[in-house]
Amino acid sequence: MRRILFLIFLCATTARADFRAFWVEAFHTPLATKADVDRVIDAAGRANANALFVQVRRRGDSWYIDSDEPLAAEPAVGAPDTDGRWTFDPLRYLIDSAHRRGIQIHAYAIVGSIHNGDPTAAGGLPSDPNHIFLQHVWDAAAGKPYAGGRQWATRALPHNLVGVTFDGYRFANEWYLDLGHPEAASYTVEILLHLVRAYDIDGLHLDRIRYPDAPVDKDGGSNVGYNDTSVARFNARYGRQGVPRTSDPAWSAWRREQVTQFLRRLYLSATAIKPSLNVSAALICYGAGPGKHFETSEAYWHVFQDWAAWAKEGIVDTLAPMMYKREHLPVQRAQFDAWLSFLMRTARASGRMAVPGIGAFMNSVDGALRQARRAREAGADGVVFFAVGSIPKLPSDDFLTALRRGVFSSSAAPPRKPQPPTGSLMGYATAGDGVVVTIESMRSHATRTTTTDGSGFFGVLGLEPGEYRVSIGGASSPAFPVVAGSVSRIDLGEIHSAAAAVSRGKGEK
């Protein structure tokens, strides 16, 4: 009997931490009232889930009160009073309710897409005039997109507008901000940092952190990214003129760089505020797996989401690829397994967490469970199903019961991201866009370099703890510490001020 009890105790104490999670999207799932939130939490409890990735930003709106963006205009959200004022905060109530039950809340936010639909149709515009779409994409007075630097949206060139309308600005029904426009990127970063500061979220989960699906030219180039400001920055960087070809390798690298720089800035800024924050992303897995060469994937060349490089650099903690494949179709089942293999290789090589996203909406209960079991057998750090509340099987009793008895039977908590043995550095420079920044170890004098983005931001991860200095344009900062598990900040405008003071002092002598 003692041996049996010991084995039971041993199994209970050695249960591997994993994510037993659901996405909760806000387009079809009611999240307006306390009863709506209670229903979602109850479904998670019945399945023995320990994490929810809950959508709180759809397209430039907020499902939480403490926000710098317009509140959601959906009826009943926040249980409004007779004057339309929200009487409660859905996100705060969700966090409090979930944490009481040991369930993590990861705030799920759309990054790129900020509007959907026809702005010339009845009801086709956001109701709030301060909405980002009306401020920096669509000129309501003129009835057309803004021109010049005020225009923050991405665009396709006129030569190939298959599936694109409104002079190249709308892709299918979606309007996307272009992260190559520094003000658009800065706006989005600050909106999300405000969320991190204001709410006790366990993670920040990023969706559509990429360019939109765009027409592909005959030469294989993706016709997207042609925001005037981004093109001007590209030409200034490389000494070019005119408009780059869609298949130009330097232009493709530029577009990937804009997305990656945005994520680096957001990651370092957010984890400087809350080091324990788990930053994750819903990642593109179109078609077959990439095998050994991620460059062949549509994520890389079509929508410019280089998530393999993100993992290697460490600017995302958890990889949550949307591996939406039909288990009953042999071709798609093979695609699922190929992406799973690539995911696990990438996560293990980079020390990131791997949480495959499973399309419960396109599979039978048995099919979804088979995919989840294969993911766990491959060593994944859990699974996340799309999506609770929006499809019939979730939260059906049969599916929730099957999860509790099977892949969600563990009693373990979600894994916490490990504290890295290295530190990071971030800052802003006033010297300009694409300027080289050198980071030097005061102990070894080894150097690393990076460049500023369009806002002047720069950042580096993976620095050994110790004293460093930063140099730009011949001026250097004083020595400053880099500490393991934290983000140090040094703004290079301070360097130029110090350098000027030194120069004036020498002149006075």
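Here's the list of aspartates and glutamates a cross-link from K218 could span, going by alpha-carbon distance under 16 Å and ignoring same-chain residues fewer than 8 apart: D248, E298. So how far apart, in nm, are the two label points at Y238 and R404 if each is 7 Å from Cα heading toward Cβ? Taking the two extended label points, one gets 5.7 nm. Treating r as the C-beta distance of I273 and E377 and R0 as 35 Å, the FRET efficiency rounds to 0.45. Around the amide H of W138, modelled in the peptide plane, lie the amide H atoms of Y146, all under 5 Å away and 5 or more residues distant in sequence or on another chain. For the range 152-237, taking Cα atoms only, Rg and Dmax work out to 15.2, 48 Å respectively.
Sorted from longest to shortest, the spans of the Cα atoms of the range 158-206 along the three principal axes equal 46, 20, 12 Å. The 3J(HN,Hα) values that the Karplus relation (6.51, -1.76, 1.60; θ = phi - 60°) gives for the range 442-447 are, in residue order, 6, 7, 9, 6, 5, 10 Hz. Gly and Pro appear as x.
Among E174, E25, sorting on how many other beta-carbon atoms sit within 10 Å of each Cβ, with the fewest leading, yields E174, E25. Working note: Cα atoms of the range 351-479, range along each principal axis, descending, whole Å: 66, 30, 19. With bins 20 Å wide beginning at 0, the percent of Cα pairs of the chain falling in each bin runs 21, 54, 23, 2, 0. For the range 334-340, 3J(HN,Hα) computed residue by residue from phi via the Karplus equation (6.51, -1.76, 1.60; θ = phi - 60°) reads 5, 5, 4, 5, 5, 5, 4 Hz, glycine and proline entered as x.
Gain on full extension, evaluated as 0.36 nm per residue between S364 and Y286 minus their Cα-Cα distance, stands at 26.0 nm. Geometric descriptor of the range 209-364, per residue, is 134 Å³ (volume of the convex hull of the Cα atoms).
With the simple model of a label 7 Å out from the Cα in the direction of the Cβ, T296 to A122 spans 5.2 nm. Each Lys and Arg Cβ is given +1 and each Asp and Glu Cβ -1; about its Cα centre, the chain then shows a dipole of about 1740 debye. Here the Karplus relation 6.51 cos²θ - 1.76 cosθ + 1.60, evaluated at θ = phi - 60°, turns the backbone of the range 93-104 into coupling constants of 5, 4, 4, 4, 5, 5, 5, 4, 9, x, 10, 6 Hz, with x for every Gly and Pro. Between S341 and T82, the simple spin-label model (points 7 angstrom out along Cα→Cβ) gives 6.6 nm. Annotation: amide H-H contacts under 5 Å for L283 (H modelled 1.01 Å from N, sequence separation of 5 or more, or interchain): A320, M322.
A cut-off of 5 Å between modelled amide H atoms, ignoring neighbours fewer than 5 places along the same chain, links A26 with Q55.
Throughout, read-outs are computed from the coordinates displayed, never taken from laboratory work. Since we're looking at a predicted model, the values are computed, not measured. Cβ: placed from backbone, ideal geometry, glycine included. Neighbour counts: every protein chain shown.
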